[in-house]
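The values are calculated or read from the model by the stated rules, or taken from the named source; none is laboratory data. Worth saying up front: this structure is predicted, and the values here are computed from it rather than measured. Note that each Cβ is placed from the backbone with ideal geometry, even for glycine, and that neighbours are counted across all protein chains shown.
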Amino acid sequence: MAELKTKPTDVSPSRFISGIEDDVSRRDCRTLLRLMKEVTAKRPRMWGSSMVGFGTYHYKYKSGREGDWFVTGFAPRKRDLTIYIMPGFKNYAALMARLGKYKTGKSCLYVKRLDHIDLNMLRELVARSVQDMQRIYDCS
């Protein structure tokens with residue numbers, strides 16, 4: 001079975017964010033760093049070269065594949081800011097309806113800029129998703 005390539009590193013998330021060239025993206029990442037630190041009460045950690053994660057959990061699929069991943073996090077991407085909501089979005093319809101302008105993937109919330117969404121709704125979404133992950137997995 002192939003080993004997961006994206007793993008925690010010792011790179012400072014603050015240093016990574018400081019190196020983001022785009023002013024808006026850098027500001028948004030600093031905001032997310034503060035928000036997720038407050039909500040999770042976890043130390044941020046770089047996963048790979050561009051993802052900031054908070055907390056960890058161990059997963060195991062029916063196929064036998066298993067590994068460790070972060071409970072929530074974010075990554076600045078060229079087109080969008082990606083916010084990782086690991087349980088997905090089906091249980092959060094009421095929050096999503098009031099969030100603002102976004103797109104989603106399975107567990108990815110894509111936003112152009114944080115000022116396109118309601119940060120209070122995002123805070124609640126992150127908090128509820130982290131609580132749900134803690135109910136499902138033994139998160140640290």
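Enumerate the pairs (first residue in the stretch 28-41 and hydroxyl-bearing (Ser, Thr, Tyr); second residue anywhere and outside any loop (DSSP other than H, G, I, E, B) and surrounded by 16 or more Cβ atoms within 10 Å (Cβ to Cβ)) with beta-carbon separation below 9 Å, excluding pairs fewer than 6 apart on the same chain, so at least 6 apart or on different chains. Going by the 9 Å Cβ cut-off, the qualifying pairs are Thr31/Leu114; Thr40/Phe54; Thr40/Thr72; Thr40/Val126; Thr40/Ala127; Thr40/Val130.
When the stretch 101-140 is filtered for residues that are farther than 19 Å from Lys37 by Cα, small (Gly, Ala, Ser) and part of a helix (DSSP H, G or I), nothing remains. How many of the residues in the stretch 8-26 are touching a helix residue (DSSP H, G or I) at 6+ places or on another chain (Cβ under 8 Å) and not hydrophobic (A, V, I, L, M, F, W, C)? So the count comes out to 4. Out of the residues in the stretch 95-140 that are of a type in the set (D, E, K, R) and closer than 15 Å to Arg79 by Cβ, which is surrounded by the most Cβ atoms within 10 Å (Cβ to Cβ)? Within the stretch 95-140, the match that is surrounded by the most Cβ atoms within 10 Å (Cβ to Cβ) is Lys112.
Does Arg128 satisfy the condition of being under 12 Å from Pro87 (Cα atoms), at pLDDT below 95 and of a type in the set (D, E, K, R)? No, not satisfied.
Kindly provide the set of residues from the stretch 42-61 that are without any contact (Cβ under 8 Å) to a residue 12 or more places away in the chain and outside any loop (DSSP other than H, G, I, E, B), ordered by number. Once the filter is applied, which keeps residues that are without any contact (Cβ under 8 Å) to a residue 12 or more places away in the chain and outside any loop (DSSP other than H, G, I, E, B), the stretch 42-61 yields only Lys60.
How about the stretch 10-28: which of its residues are crowded, with 19+ Cβ neighbours inside 10 Å and under 14 Å from Arg79 (Cα atoms)? Result: Ser25, Asp28.
Residues checked against (1) at pLDDT 95 or above; (2) surrounded by 14 or more Cβ atoms within 10 Å (Cβ to Cβ); (3) in contact with a strand residue (DSSP E or B) (Cβ under 9 Å, 6 or more places away or on another chain):
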position	(1), (2), (3)
Lys5	no, no, no
Trp47	yes, yes, yes
Ser50	yes, yes, yes
Tyr59	no, no, yes
Phe74	yes, yes, yes
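Taken together, the residues in the stretch 54-86 that are over 12 Å from the mean Cα position of the chain (by Cα), under 13 Å from Gly105 (Cβ atoms) and of a type in the set (Ser, Thr, Tyr) amount to 0. Scanning for something among the aromatic types (Phe, Trp, Tyr), farther than 23 Å from Asp22 by Cβ, touching a residue at least 24 places away in the same chain (Cβ under 8 Å) and not in a strand (DSSP E or B), does the stretch 85-100 turn up at least one residue? Yes - at least one qualifying residue is present in the stretch 85-100. The set of residues from the stretch 62-72 being in a loop (DSSP other than H, G, I, E, B) and modelled with pLDDT under 95 comprises Lys62, Ser63, Gly64, Arg65.
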